[in-house]
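The values are calculated or read from the model by the stated rules, or taken from the named source; none is laboratory data. Quick caveat, the model's predicted, so the values are computed rather than measured. Methodologically, a virtual Cβ is constructed for each residue, glycine included, from the backbone with ideal geometry; neighbour enumeration extends over all protein chains shown. When the accessible area is computed, the model is the full protein with side chains, heavy atoms only, and any ligands, DNA or RNA have been set aside. Shrake-Rupley method; radii C 1.70, N 1.55, O 1.52, S 1.80 Å.
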Amino acid sequence: MKNVDDLIASAKELADRGLSKGEIADELNVSRETASWLVERSGAATKPETPAAKPEGPDDIHVDWNAIGSGGKRLTYIGRALADLLTETHEPAEVTVGIEKAGVPLATAVSRELETSLGSYAPAKHQWEEGDIDDLGGGFSRNFAQVTDKRCFIVDDTVTSGTTLKETIEAIRAEGGDPVACVVIVDKQGVDEIDGIPVYSLINVVRVGEQ
């Protein structure tokens, strides 16, 4: 995807398929606010407007890592790089938890490289449409390793606001696990830690000057 019009079209396609706005945010690697804006814009796509008439969009950065995700070998290489970050900066863990959806294939590669068990967490945002997301809950898949009494790494593709990582950290603690480090491909916020847990990234995005 190269521009906002492409994102709007993708948001419409995903909404037409029945995905929630939270899932759309996850698929497009944007914030929930940006996902809402894109879906709203897609509903107005049939009305001709000049570019100047369009309302200003949210302050966000879209990350498209399809070139990685569409190639098994490339995904494995990125997984190895993420694993290398963890081995350089932290002690070993017993379970690598991938945040659904995009974090799970990355966590699979990391888990294989570090020889840990593999866990999977579905965040609350996947159910989110409008209103208070705190009223919703996420959960761990029973088809993967459980985190109780285990030291855990957390893997996702991007940090947009940090909300999903924070939720996953809290969920692991609630299950009696010990989250020790998070790792992502791209950090859009430049966070060093969340809830006392270090966050490592291959790429940091820094805004310079006014937008």
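Close Cβ contacts (under 8 Å, 6 or more residues apart or on different chains) running from residues in region 162-182 that are open to solvent by 40 Å² or more (accessible area, probe 1.4 Å) to residues that are assigned to a strand (DSSP E or B) and charged (D, E, K, R) comprise D178/R151. Can you name every residue in region 1-40 that is charged (D, E, K, R), modelled with pLDDT under 75 and part of a loop (DSSP other than H, G, I, E, B)? Scanning region 1-40 gives a single hit, K2. Answer yes or no as to whether G190 is at pLDDT 95 or above, over 14 Å from the mean Cα position of the chain (by Cα) and open to solvent by 20 Å² or more (accessible area, probe 1.4 Å). Considered against the rule, which asks whether it is at pLDDT 95 or above, over 14 Å from the mean Cα position of the chain (by Cα) and open to solvent by 20 Å² or more (accessible area, probe 1.4 Å), G190 comes out as no. Out of all the residues in region 148-158, is one or more within 21 Å of K101 (Cβ to Cβ), of a type in the set (V, I, T) and open to solvent by 10 Å² or more (accessible area, probe 1.4 Å)? Taking every residue of region 148-158 in turn, at least one turns out to be within 21 Å of K101 (Cβ to Cβ), of a type in the set (V, I, T) and open to solvent by 10 Å² or more (accessible area, probe 1.4 Å).
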